[in-house]
Structures are given as C-alpha cells and as structure tokens.
Amino acid sequence: VPLIAKPGLAQEDKAESGLEKVVILLRAKTGHDFSLYKKTTVYRRIERRMGIHQIDRIATYVRFLQENPQELDLLFKELLIGVTNFFRDPEAWEQLKKEVIPALLAGRPPSQALRAWVAGCATGEEAFSLAIVFREAMETHKPARNTTLQIFASDLDREAVQKAREAVFPANIAADVSAERLGRFFVQVERGYQVGKSIREMVIFAPQNLIMDPPFTKLDILSCRNLLIYLTPELQKKLLPLFHYSLNPGGFLFLGNAETIGNFTDLFAPPAG
C-alpha cells in the first residue's frame, strides 16, 4: 500500500522550500544571508508582501520575484524594518542615566572619552537617545564635565543610515520625547524636528554587516536592542563572544527587554570574567 503523506506536511515542505528559494534570491541580489534570521520573522514579512500583491502561494511569489527584481529590493527593505523609537523602555534609560553612566565615569580621567556602539541603529533614534541621556547625566556629574562620549552607530540598511545622518524626525516624536528635551536638543524644521548639532556631532553613522564586518572595539557601552530578536539562537550565541570581545572590562551591554539571553539576563550586564 503506498504511503500517503499527510497534506499538512506536504504544505509545510512546500513553504519551507519556497522560503529557501526566496532566501537564495535575496542573497544573490543583496549579498545578505537571511537564513540566519528566525524563519517565522522572515515568513511573516514575505506573507505581507504576498498579501500586497494578492498572491496566495509562495511558489507563485518566488516566480514573481524572479521576474521583478525591484520586488526583491522591497522585500529586503521589509526584512530590515526594526522597531525603534526615542527612549524606548523609558525606565531603562533612567537606569542608564542614574546608574550606568555615573559608574563608567567614576575613577576615569576626565580627558578620556567614553566609547559606545549602537548595533542595528536603524534610523538613529537609539543613538541620539543615548547621546541626549549622556549629556543630561554629565550635568549632574560635575567633576567629569569635560569627558566626552563618542557613539558609533551602524546598520545594514544604507538608506536607514542616510536617514539617521539627516536626523530629521516627524512631529509625532513628541509622544516619546518630553517637551523639555525637544526644546533643548531639537530644532523645529518644516518636516518636524531635527536633532541639534551638538548631539549630532556625538554620533558617527556607518553601514555595517554585524555578522560579516569587524566589530567596533574598546567599548564602554554596547547597545543592541533592535536586532537580536530577529536572529536565530545559534547566531545570538555567535554574537555574544563578539560583544564580550568588543567591551572594555566593566563595560555595559544594553539589551531590549525581549532580548535578555544567556548569562546576560539583566537589562544592563557587565561581561563575565
């Protein structure tokens, strides 16, 4: 008697091989390997694009991608969308301002700059939030008034990096940024608000592939709050030693609250050892 596979499993296999084909097409076009991203995340974003084109089978969508290279670019963008806004998880930023930055400043020669890296910076909100919080912390920490913070912020998406450099945000950021901060650190412009020059000058933006390119090193703060949730546990495990290597002894790793992983179970954690 021939064995008949359950239809459900056959469907799953089709979806799986369709997904692999999409990943191969993306790698050929963009050079980026999405096989390291969580399958559910990738599939959800693919389904969204399929919905827009009213395509209900992944095999049909694969064909559509092969015939329409610009759709590959749009799907690539879709896959890079990070959830980011100013001062996300406000209590974490308060902790950074009141405990972490003072701890880093303690016992440091005033002339020695602090170094931070925001990995997966998207359009820059996270990096500018860090610069603002540092500036505020410095006001209450008089002895180290001339200590500076240099922030390196990187992302895979070149267009996002370009937007971050422009530092212009819509007026609705007022939902996340207090009126006092808007008044002090932003300038009102036609399209909303631009981050003020003194804050912009603290941040260097660069396109970077976290997995392939060498990391920034000798860091006091490493913020990775938009990225790890999209990556497979295997890749997260690969990145942790890299983060550890990047940080100075006593440096801090700043994670989002969905990303407390491995020995870094706290929001702020000094590297072990």
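The values are calculated or read from the model by the stated rules, or taken from the named source; none is laboratory data. For clarity, every value in this text was computed on a predicted model and none was experimentally measured. Please note: Cβ atoms are built from the backbone with ideal geometry, for glycine as well, and neighbour counts cover all protein chains shown. Heavy atoms of the whole protein, side chains included, go into the accessibility calculation; ligands, DNA and RNA do not. Shrake-Rupley method; radii C 1.70, N 1.55, O 1.52, S 1.80 Å.
How big is the charge dipole of the chain about its Cα centre, in debye rounded to the nearest 20, if each Lys and Arg gets +1 on its Cβ and each Asp and Glu gets -1 on its Cβ?
Result for the chain is approximately 300 debye, rounded to the nearest 20.
If the viscosity is 0.890 mPa s and the temperature 25 °C, what Stokes-Einstein diffusion coefficient in µm²/s follows for the chain when Rh is the Kirkwood radius over Cα pairs?
Approximately 120 µm²/s, per Stokes-Einstein.
Find the relative contact order for the chain and round it to a whole percent, using C-alpha pairs within less than 8 Å whose residues are 6+ positions apart.
Across the chain, relative contact order equals 17 percent.
I'd like to check one number: the per residue accessible area of the chain, probe 1.4 Å, reported in Å² as a whole number.
52
Between Leu240 and Glu166, what length in nm is gained on full extension when 0.36 nm per residue of separation is reduced by their alpha carbon distance?
23.5 nm
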